[in-house]
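The values are calculated or read from the model by the stated rules, or taken from the named source; none is laboratory data. Bear in mind that the values here come from a model prediction, so they are computed numbers and not experimental data. Cβ sites come from the backbone with ideal geometry, for glycine too, and all protein chains shown count toward neighbours.
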Amino acid sequence: MSTTLPTSTPELTTRPELPTPTNTRALRLVAALRQWGDVQPLSNLFAPGNAHGIQMVTWCQDGARLVDDAVSFEADVVVLDPSLPSFALEDIQRLLHYEARPIITIGAIPPHGDWGSALYRAGIKGHIELPLNDDNARRLVSLFHGAMQEALRERSSASYIPQIAPQLAQVIATQGWQRAVIAVWSAKGGVGKTTVAENLAMLLGVVSNRKTILLDANMAGGNAHIHLRLSPQRNIAGLARLFEAQKRLDPKDVLGYLTPFRNNLQVLVGIPRQFMAGEMCFQGAQGREFTQTLIETLHSMSDFVVMDLGQDTNSAVHLQALRQADEILVVVNSEKASLLDTQEVLETLWEHVQMDRSRFRLVLNRFHPEHGLRRKEIVEVMKLPEVGVIPEAGEKVTASLNSGVPIVLNGGGEVAESLVRVGTTLYPPLEQIWSQRGKFKPKGKGLREKLFGGKRP
């Protein structure tokens, strides 16, 4: 089976500055390849003292030795044939998140088999095709340097979160959890539901690494692309017009409108201009049918769909999304008029729209004891179980929005911890994953570490 692979990643479109003796040492390369015929072009091109700033340090023919070899030779990059005996996909992440420095992997794709998709999901930073020759070996020069610089930028970012340890991953695999469509909604604007939705999507798709889609379906004007610094060109309106024209949505069509964020999170950007909500593709029966089809398609493509919805339940898109959600997180703050207005709308949804009350949960945002209402009083008024209380921290939240880095990816803190507790009600393993941040370890020491205790000889 053939696999269509990207020819490059966006980060590698511009060739970075090559290392020189005055700015950095040569990148150290491990050739994890089966055949000497594939290794030889690398050995010739990256011999000691070559002008490319890259040095091949060893040839690894056994996948079971890959991590030890890369660590003990202080490698920066691995060229990997995935058909190598005893190779484990998890080693790509093990190398990338090695605590001393990132060790990036470039895939060497065999001519037979469906390796490409699995390798990119596992974390390779680019690929070439086998068999290797002088031409595609030279392609590796810019690929190595660009991928290495990108990995270093990611590692130095405040939002860096390493992959969890394989032992924890095994524990998670045995725990029960359900795929779900999650609506984040409020009957009032300005209560922080977009912030809650975006950060929950980060916790599920980036931190937990589950396939997650953040759907900005706010017909009052979506802001996810602004907060996350995404291009608004591919947005929900384009899909709605496509559905209006062809009366169906193919998953391939939907995929073309999704914008990757990080790890396993993708975003369907909302309407970039509020007037677009008035288009016929979002109205009445047409809008309801589009929304239903869109959510069903997204759900089939992911573990979690997190929907940021506008407050107006007269909108066909908002109401249909609420009807289809497995969990509805109602975001409120401790302002009395806002609570009473939201409770009135909820009663209408339960009594006249006949929505199942058991699907609704309460998230109390920007709470402070000095606001004059107790949590118990708010729960009694709303007639909903409380699943999260997020403290007042307006300046920190605003700073995270302006920085383009959601607060759960920006160093934690009390607000992030509160959002994690909400996320754990949707995906219970999140609590363990969150506690393991920064604790990823390589699975063994190489010979040099065993002999010299981690010090240079």
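Details
A quick yes/no check of all residues on (1) surrounded by fewer than 17 Cβ atoms within 10 Å (Cβ to Cβ); (2) on the phi > 0 side of the Ramachandran plot; (3) modelled with pLDDT under 95:
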residue: Gln286; (1), (2), (3): no, no, no
residue: Gln292; (1), (2), (3): yes, no, no
residue: Val317; (1), (2), (3): no, no, no
residue: Trp350; (1), (2), (3): yes, no, yes
residue: Met355; (1), (2), (3): no, no, yes
residue: Lys383; (1), (2), (3): yes, yes, yes
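- Applying the criterion of being over 15 Å from His299 (Cβ atoms) and either in contact with a helix residue (DSSP H, G or I) (Cβ under 7 Å, 6 or more places away or on another chain) or small (Gly, Ala, Ser) (or both) to the residues of the stretch 249-260, the residue that is surrounded by the fewest Cβ atoms within 10 Å (Cβ to Cβ) is Gly256.
- Looking only at the stretch 287-317, and only at residues there that are in a helix (DSSP H, G or I) and of a type in the set (Gly, Ala, Ser), the one that is nearest to Val353 (Cα to Cα): Ala316
- Residue within the stretch 196-208 that is in a loop (DSSP other than H, G, I, E, B), free of Cβ contacts under 8 Å to residues at least 24 places away in the same chain and in the same structural domain as Ala399 (by TED's automatic domain parsing) present: no
- Scanning the stretch 70-102 for residues that are surrounded by 24 or more Cβ atoms within 10 Å (Cβ to Cβ), closer than 13 Å to Ala31 by Cα and of a type in the set (A, V, I, L, M, F, W, C) yields Ala70, Ala75, Val77, Val78, Val79, Leu80.
- Strands (runs of 3 or more DSSP E) fully within the stretch 1-95 counting 1 or more residues that are farther than 25 Å from Ala122 by Cβ and either at pLDDT below 85 or in the same structural domain as Ala137 (by TED's automatic domain parsing) (or both): 54-59
- Number of positions in the stretch 375-412 that are part of a loop (DSSP other than H, G, I, E, B) and under 18 Å from Val331 (Cα atoms): 6
- Qualifying positions in the stretch 209-239 - more than 16 Å from Arg262 (Cβ to Cβ), touching a residue at least 40 places away in the same chain (Cβ under 8 Å) and charged (D, E, K, R): Asp216
- Members of the stretch 209-238 that are part of a strand (DSSP E or B) and among the charged types (D, E, K, R): Asp216
- Residue within the stretch 348-365 that is under 30 Å from Val405 (Cβ atoms), free of Cβ contacts under 8 Å to residues at least 24 places away in the same chain and not in a loop (DSSP other than H, G, I, E, B) present: no
- Of the residues making up the stretch 100-130, those that are touching a Leu at 6+ places or on another chain (Cβ under 9 Å) and in a loop (DSSP other than H, G, I, E, B) are Arg101, Pro102, Ile103, Pro110, Pro111, Gly123, Ile124, Lys125, Gly126, Leu130.
- Residues of the stretch 262-284 classified as buried (at least 21 other Cβ atoms within 10 Å of the Cβ) and in contact with a strand residue (DSSP E or B) (Cβ under 9 Å, 6 or more places away or on another chain), total: 7
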